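The values are calculated or read from the model by the stated rules, or taken from the named source; none is laboratory data. It should be emphasised that the depicted structure is a prediction, and the values quoted were computed from it without experimental measurement. As a convention, Cβ positions derive from the backbone with ideal geometry for all residues, glycine included, and neighbour counts pool all protein chains shown. In case anyone asks, the SASA skips ligands and DNA or RNA and just uses the protein heavy atoms, side chains included. Shrake-Rupley method; radii C 1.70, N 1.55, O 1.52, S 1.80 Å.
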Amino acid sequence: FRPLANDSSAMELITSNSHLRIDVSTGEVTATLAQPDSHIIGVDDDGVIWLLPTNDSSTIFALDQNGTQRSLSAESGWLPLVGTARDLVQDANGNIWLSTNEDVRRFDGTQWTIYSRDDLGMAAPLMEDVGTLFRLAYAPLTQTVWVGECDWVGPGPMGGGGVRWFDGTVWQGSDAPTAQG
């Protein structure tokens, strides 16, 4: 559930297979369902629904409010996922940020830039067979994108790469007190 960035009279409910826009004043609900072979990653501030095919992550789709679908694949810098997409946020410049199990990705409207664990200044997990989870947050006051990384083994967390923030040019925080854990 989240308020709409550009419309204070509406809320959104986003699940992996549906997007509902709820007009709070009228109670009207507008629904968009994901195609049977895809799931919704998120919705950006412009109302574009981002979808990923269930069995083939070599292409990501963007569905605008008019129903026009745009597909983005290798020619735009998109690389297939090793796991799944987690978070989707949009920054003040309109860039779309996406976290996955393996990396953080930024789409500038034309090209994807993929930031690996090394690009983020995060060390590799201490053990093999560790699940990785990157999470994103956007801080509008400072206009920074933040990423946290946690390593999972068995029933719970087992350390991680800590927290970093993007200053608009490079990732910061590799020497901060939150650089590990």
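In a simple Cβ point-charge model (Lys, Arg +1; Asp, Glu -1; nothing else charged), the chain has a dipole of about 160 debye relative to its Cα centre. Shape summary: the range 1-133 maps onto an equivalent ellipsoid whose semi-axes, from the alpha-carbon gyration tensor, are 28, 16, 15 Å in decreasing order.
The label-point distance for Asp46 and Asn17, in a model that sets each label 7 Å from Cα toward Cβ, rounds to 2.9 nm.
Annotation: for a label point projected 7 angstrom from Cα along Cα→Cβ of Asp118, no residues of the range 136-151 have a backbone N closer than 14 Å.
Dipole orientation for the chain: of the candidates Gln180, Ser58, Ser8, Ser8 has the Cα lying most toward the positive pole (charges on Cβ; Lys, Arg +1; Asp, Glu -1). Summing Cβ point charges (Lys, Arg +1; Asp, Glu -1) relative to the Cα centre of the range 5-62 gives a dipole of roughly 140 debye. Ile60 sits among other residues whose Cβ lies under 12 Å from its own Cβ, and their net charge, with Lys and Arg +1 and Asp and Glu -1, is +1. Once both labels are positioned 7 Å from their Cα atoms along Cα-to-Cβ, the gap between Val29 and Asn101 label points is 3.2 nm. Ordering Val170, Ala139, Gln90 by Cα displacement along the dipole of the chain toward the positive end leaves Ala139 in first place; charges were set at the Cβ atoms of Lys, Arg (+1) and Asp, Glu (-1). For the range 72-181, the Kirkwood hydrodynamic radius comes to 14.3 Å, computed from all pairs of different C-alpha atoms.
Across the chain, the longest piece that holds none of the GluC sites (Glu not before Pro) lying in DSSP loops with up to 13 other C-beta atoms within 10 Å covers 29-127.
The label-point distance for Ala92 and Ser73, in a model that sets each label 7 Å from Cα toward Cβ, rounds to 3.7 nm. Here the chain has 53 percent of its accessible surface on carbon and sulfur atoms, given a 1.4 Å probe and all protein chains in place.
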